[in-house]
1. Run down the aspartates and glutamates and flag those whose C-alpha is under 12 Å from the C-alpha of residue B:26, throwing out any fewer than 8 positions away in its chain.
2. For segment A:117-128, just list the computed ³J(HN,Hα) in residue order, Karplus coefficients 6.51, -1.76 and 1.60, θ = phi - 60°, integers in Hz, with x standing in for Gly and Pro.
3. Could you identify which residue out of A:80, A:112, A:164 has the top mean-square fluctuation in a GNM of chain A using Cα springs shorter than 10 Å?
4. For chain B, what does -39500 (n - 2.57) per DSSP helix run (n ≥ 4), summed and divided by total residues, give at 222 nm, in deg cm²/dmol to the nearest 500?
5. Under the rule of -39500 (n - 2.57) per DSSP H run of 4 or more residues, summed and divided by the residues of chain A, what mean residue ellipticity at 222 nm is obtained, to the nearest 500 deg cm²/dmol?
6. Please arrange A:151, B:158 by how many other C-beta atoms lie within 10 Å of their C-beta, fewest to most.
7. Compute the long axis of helix B:185-201 from its Cα atoms, compare it with the longest principal axis of the Cα atoms of chain B, and write down the angle in degrees, 0 to 90, nearest 10.
8. Roughly how many Å is it from the Cα centre of segment B:20-99 to that of segment A:214-236, as a whole number?
Amino acid sequence: MTRSLAGHRPRVIIGKKMAPYVLLLPFMLVFVAFLIVPMIYAFNLSLYKTAMVGGTRFVGFDNYARAFVDPKFWSGVWLLVRFGFIQMPIMLSLALAFALILDSGLVYARGLFRVAFFLPYAVPAVIATLMWGYLYGPAYGPLSQIATFLSLPKPDFFSEGSILGSIANITIWEYTGYNMIIYFAALQAIPTDLEEASKMDGANAFTYAVRIKLPMIVPMIVVTVIFSIIGTLQLFSEPYLITNLARSVINSHFTPNYYAYTLAFTAQQYNYSAAISFMLGAVVAVFSYAFMLASNRGAR
Amino acid sequence: MLTAILCIYLVYTLIPIFYVVTASTKTNADLFGTFGLWFSDDFHLRENLVDLFSIQDGIFLRWLGNTFFYSLTSAVGAAFFALLAGYAFAKYNFAGKRLLFALVLGAVMIPQTALVIPLYLLFSKVGLLNTPLAFILPSLVFPPGVFLMRVYVEEAVSDEIIDAGRVDGAGELHILSGLTFKLLMPGFATVFILAFVAAWNNYFLPLVVMSTSDHFPVTVGLAIWYASATTGSGGNLLFTVVMAGSLVSILPVILAFLIMQRFWQGGLSAGSVKA
């Protein structure tokens, strides 16, 4: 009798009250340790200043005051605002158009297009930038070769005027398919009985797609715009990797993240770098919030 | 007509990938001397691959192994933690739920420099810098996974099943483990793939926390080779080798993608229904 009892492991039964906390524990542990703690640490760092003479001392919000009037920080933000106004509308409207076309079922080989357009998302940003860096190459790049063959002037992808477009093209290539898949999934989730109803009303596939389906995925579009705003303002890898090719136009404060990186690892100014990162975080929050407000207002 | 428009974009999508394929088969001289978007007469793929895997004592293979190891371990962990947390958010009411969920979602707005630079400083204090853990531990935090799992569980697991388990006197964790494989696998797989791709593509974190080349993932290693090739200081590091390296490192992901696409798209659409 005692034996069989000992053979049974005492089962710990977690009740309904405790269960959610137990389930959240592993995630919250890593979330706090590797996200919240570093954030607090960085914020604390941003309140100090290290000088050659006098060591580290508490300076309150001095670093933020300095960042607030730092033209190097704001030039990066301004660059990304211009970048975003080129890149986001092109990328998202292409993604939306492709999703509507594929969803309408008016084309052949839908599966092929869907997978192929999504493929660049599987290519690391580093390698995507490398590939386009080769394609842009002034001496040997195929685009220059084609221009020479057609006796056109060689395009310069790394000039002051073209660098934004060149980087925008890389990110459009990378993320259009990803956004398309998100829209496509949302479109597919719309019940089909609406389609029958609109067919009875005599709507063709085009009006059905634009008038009925498009408005239904507006919440999804808002989400993708916000994610694009966040991604755009954090641009780093692409300009960082092609710095060698475009030395004259890409400087160490080209984007805010680039600036924070240089401050930390070239100038060893960890305190000021932390302040710049938080300033960027604030800018991201302001832009995202402004867009949400605007889209709410538009919806009314 | 519409098909033609899609075909134009298809060409645009495939050109860079096709270029990597042709460039990997050329000698360095041909890379500069022949038309970039077609093969040259001198088929040099085998030699480029031999170079790729022998340069610097075959460090490239090590990078591939590192990338695979870092991505696999962090994605398994991240997806498992997200599954538990997403389930808790979907099926329970508890104090602080809204606040916690908002906190997790808000985390996507944090600039990577704001996170990675303090991580670098903290890791250097505890001696974790330049170890696999410096990559894996921060990658376990994958907030989008929690969001996706929450939506997925809300859709896929009905309250009736859970209540039936309670009536039978099963503990809450027992109910979950009874459900896991049958109902939750598609959601788990989607989050796993997303976390895996995110880790596979990560560049900034390893750039900062890894300092010796035996710990680099492919992204950091190739970027360094590329930088030395573009500045001309690479010696035997030729452009063709960088291209061959790119080809070798994107092929597994592309293949995995093509094989798993049905699964993956199903999961994505499940995640997007509510959002």
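1. Once the sequence-local aspartates and glutamates are set aside, what remains near residue B:26 is B:41, B:42, B:47.
2. 5, 7, 3, x, 4, 7, 8, x, 3, 4, 6, 4
3. Evaluated over chain A, the most mobile residue of the options is A:112.
4. Numbers: 13 runs with 211 residues, N = 275.
Value at 222 nm, helices only, nearest 500: -25500 deg cm²/dmol.
5. Values: 14 runs with 193 residues, N = 300.
Helices in chain A give a 222 nm mean residue ellipticity of -20500 deg cm²/dmol.
6. Working: A:151 6, B:158 11.
Ascending Cβ contact count within 10 Å gives the list A:151, B:158.
7. 40
8. Each part reduced to its Cα centre gives a spacing of 26 Å.
Rule-based calculations on the coordinates, nothing more; no lab input. Note that the coordinates shown come from a computational prediction; the quantities given were computed from them, not determined experimentally. Neighbour counts are summed over all protein chains in view; Cβ atoms, including those assigned to glycine, are modelled from backbone coordinates with ideal geometry.
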